[in-house]
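What follows is calculated from the coordinates using simple rules that are stated; it is not laboratory data. All figures in this text were calculated on a predicted structure; none of them were measured in a lab. Neighbour counts are summed over all protein chains in view; Cβ atoms, including those assigned to glycine, are modelled from backbone coordinates with ideal geometry.
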Amino acid sequence: MDLVTRDWHLFSIRGEHFLFNSLGSLYQLDEEARSAMDTLYRGGPLDISEDVYGEIEEILSSYKPLEIYEPEDLRLKSLCLNVSHSCNMSCSYCFATHNLSYRMSLMPLEIACRAIDFLIDSSKDIKNIEIDFFGGEPLLNLEVVKNATIYGKTRALNSGKNLRFTLTTNGLLLDSKTLDLLDELEISIVLSLDGGEDTHNKFRRLLNGGGSFKTILPNAKELAERRQDGGYYIRGTYTAETLNFSDSFKKFVDFGFRYISLEPVVTNDPKLSIREEHLPVLRAEYQKIAEECLSRDVKFFHFELPMEEGACLPRLARGCGAGVEYMAVTPSGELYPCHQFVGYEGFKLGDLYTGHIDESLRKQFLRLNSIDSKEACNNCWVRYLCGGGCLANNYIMSKNITEPYSTGCEIQKMRIEYALWLRAKKSLEVKV
Amino acid sequence: MKKHIRVILDSPIAKKEEIEKCQECQTPCRSACKTSMTVGNLVCEVKKSVGKWTW
């Protein structure tokens with residue numbers, strides 16, 4: 001009996017044992033089957049009962065690797081518009097700090113409209129496309145957000161496109177009147193909040209150094225109250241100094257938030273950076289969140305794995321689309337592979353004024369978007385749920401976009417294990 | 001006879017209907033995660049409710 005280890009993953013959570021294969025099968029194993037699988041993994045001789053042997057042989061032989069359709073090229077389908085490189089906060093871990101207030105700080109409407117034209121034209125036969133208003137703080141340029149959205153909706157209607165909008169905000173200016181407008185314009189919202197007052201104010205500070213929590217919380221609560229069926233995420237960042245992020249999750253649930261995401265900071269700052277030695281603590285934190293998700297009606301972004309309704313295999317075998325399907329636009333109309341590459345001159349893809357695109361750089365990103373191009377990913381069990389990691393994170397951590405950020409990989413695997421565990425628990429609840 | 005292995009998910013990715021050359025699914029690094037893209041969180045665009053403006 002042969003086991004191709006890159007296609008199978010054996011893991012245990014709270015004394016329960018599971019086996020996952022890369023095409024999405026999930027099995028629960030008793031101790032005898034787990035022990036046998038563990039022996040197979042280590043290449044040792046099997047000394048097990050016939051019935052266990054038969055069951056293992058049956059599932060291993062049922063797995064047939066598939067040939068994956070890989071398109072020769074990809075269309076642009078999503079643009080991140082940095083409508084403001086100014087910000088009304090000064091968060092100490094912000095990856096965009098080097099962009100703020102450099103060159104033109106607010107995007108003029110003309111650039112925003114030109115970007116929308118570029119997206120609609122470049123997407124060609126793709127129907128579903130997206131715009132994300134980002135920054136800096138995009139609500140500092142609300143008039144352009146409003147008029148660009150109206151322009152985009154009209155252009156999309158006339159072009160037969162389904163154009164969706166998202167806005168990522170620190171929430172300071174998200175008052176009732178602004179929410180009215182964003183509701184009317186049907187713009188999904190991501191609001192940054194790190195946790196309770198102490199956790200949030202530790203890094204997310206106002207320009208005068210004061211805490212921002214007390215201003216933002218009522219706005220976040222109103223957002224959640226209005227959008228009980230979705231259309232928002234409360235998104236927090238955890239760091240080496242705020243590793244107890246399950247407490248933040250519980251606070252969010254108590255505040256009435258239903259759609260929650262908590263992310264590790266990606267930085268080289270030794271005080272804040274998540275390191276390998278933190279992984280056991282993170283595992284315990286993710287486990288607490290998973291347990292909370294079992295009993296509460298909330299959605300934690302990374303535990304949402306729509307296996308049956310999710311993307312098909314050709315999509316799952318590709319990465320984030322940076323530089324090809326996805327680009328970021330600066331206030332002055334420069335194009336970068338994604339929002340995290342903005343400001344790194346070596347990664348400037350082109351600009352909207354001349355329409356010039358650096359095809360050599362674009363093709364480099366096209367190649368890196370394929371799982372097959374990365375040896376480490378190609379041999380990893382989680383490749384079709386991860387997509388190959390974040391190229392920008394690789395660059396931030398090692399100045400090399402092709403070198404995987406290994407701690408990030410371990411966090412990804414951990415989250416997927418808990419997502420699968422949750423899936424198993426919920427599936428068994430339904431069967432009972 | 002007691003089973004040692006219970007099936008929870010049976011190859012959902014392999015069994016999923018593939019719409020050849022569809023390419024409609026969005027880029028996974030959406031605002032909800034902005035620092036960590038995850039293709040496994042995507043929902044098939046073709047199966048989404050028509051006209052739905054949220055994710």
### Query
Which whole-number percent gives the relative contact order of the stretch A:71-208, counting Cα pairs below 8 Å spaced six or more residues apart?
30 percent
### Summary
Checked chain A against the a/c 1.5 cut and the a/b vs b/c comparison, axes a ≥ b ≥ c from its Cα gyration tensor; verdict prolate
## Note on the structure
Excluding residues fewer than 8 positions from B:Lys3 in its own chain, the lysines with Cα under 22 Å of it are A:Lys425, A:Lys426, A:Lys431
### Task
Search the structure for amide H atoms under 5 Å from the amide H of A:Tyr232, placed 1.01 Å from N in the peptide plane, and list their residues when 5 or more places away or on another chain.
A:Ile189
### Task
Using the Karplus curve 6.51 cos²θ - 1.76 cosθ + 1.60 with θ = phi - 60°, work out ³J(HN,Hα) for each residue of the stretch A:376-388 in order, rounded to whole Hz, and write x for Gly and Pro.
4, 6, 4, 9, 10, 5, 9, 4, 7, 10, 9, x, x
### Message
Please list, in order along the stretch A:75-81, the HN-Hα scalar couplings obtained from phi with the Karplus expression 6.51 cos²θ - 1.76 cosθ + 1.60 (θ = phi - 60°), rounded to whole Hz, x for Gly and Pro.
### Response
9, 5, 9, 8, 10, 9, 9
## Note on the structure
If A:Met37, A:Met397, A:Met107 are placed from fewest to most neighbouring beta carbons inside 10 Å, the sequence is A:Met397, A:Met37, A:Met107
### Query
Once amide H atoms are placed 1.01 Å from N in the peptide plane, what residues at a sequence separation of 5 or more from A:Asp351, or on another chain, have their amide H within under 5 Å of its amide H?
A:Leu335, A:His356
### Task
Would you please give the FRET efficiency between A:Glu309 and A:Glu57, computed as 1/(1 + (r/R0)^6) with r the Cβ-Cβ distance and R0 = 22 Å, to the nearest 0.05?
0.10
### Query
What is the local net charge at A:Leu361, summed over the other residues whose Cβ is closer than 12 Å to its Cβ (Lys, Arg +1; Asp, Glu -1)?
+1
### Query
Any idea what angle helix A:359-368 forms with the longest principal axis of chain A, computed on alpha-carbon atoms, 0 to 90 degrees, nearest 10?
30 degrees
#### Entry: Residue pairs, from the table A:Lys374/B:Lys16; A:Lys64/B:Lys16; A:Lys177/A:Lys202; A:Lys77/B:Lys47; A:Lys153/B:Lys47, whose Cα atoms sit over 20 Å apart
A:Lys374/B:Lys16; A:Lys177/A:Lys202; A:Lys153/B:Lys47
### Task
Per DSSP H run of at least 4 residues, take -39500 (n - 2.57); add these up for chain A, divide by its residues and hand me the 222 nm value, nearest 500 deg cm²/dmol.
-12000 deg cm²/dmol
### Task
Using the Cα centre as the reference, give the magnitude of the dipole from point charges on the C-beta atoms of the protein assembly as shown (Lys, Arg: +1; Asp, Glu: -1; all else neutral), rounded to the nearest 20 debye.
980 debye
### Task
Would you mind calculating the gained length between A:Tyr41 and A:Lys221 on full extension (0.36 nm times residue separation, minus the Cα-Cα distance), in nm to one decimal?
59.9 nm
### Cα→Cβ-extended label distance, 7 Å offset, between B:Val46 and A:Glu429, nm
3.1 nm
### Message
Taking loop as defined by DSSP and a crowding limit of 15 other beta carbons within 10 Å, which GluC sites (Glu not before Pro) in the stretch A:109-198 fit?
### Response
A:Glu186
#### Entry: Qualifying chymotrypsin sites (Phe, Trp or Tyr not before Pro) for the stretch A:324-432 [loop in DSSP, other Cβ within 10 Å: at most 12]
A:Tyr353
### Residues with amide H under 5 Å from that of A:Ser84, placed H, sequence gap 5 or more
A:Met107, A:Phe134
### Summary
As straight-line cross-link partners of A:Lys348, the qualifying aspartates and glutamates (C-alpha separation under 12 Å, not fewer than 8 residues apart within one chain) are A:Glu334, A:Asp358, A:Glu359
#### Entry: A:Ser360-A:Leu243 pseudo-label distance in nm [points 7 Å out on the Cα-to-Cβ vector]
4.4 nm
### Query
Straight-line reach from A:Lys221: which aspartates and glutamates have a Cα under 13 Å away, not including same-chain ones fewer than 8 places off?
A:Asp175, A:Asp254
### Query
For the stretch A:206-213, in order, what is each residue's ³J(HN,Hα) by Karplus, 6.51 cos²θ - 1.76 cosθ + 1.60 with θ = phi - 60°, in whole Hz (x at glycine and Pro)?
6, 4, 8, x, x, x, 10, 4
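Using a ≥ b ≥ c from the Cα gyration tensor of the stretch A:213-333 (square roots of the eigenvalues), is it rounded, prolate or oblate, where a/c under 1.5 gives rounded and otherwise the larger of a/b and b/c decides, a/b for prolate?
Rounded.
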### Query
What's the FRET efficiency of A:Lys299 with A:Glu410 using the Cβ-Cβ distance as r and R₀ = 22 Å, to the nearest 0.05?
0.40
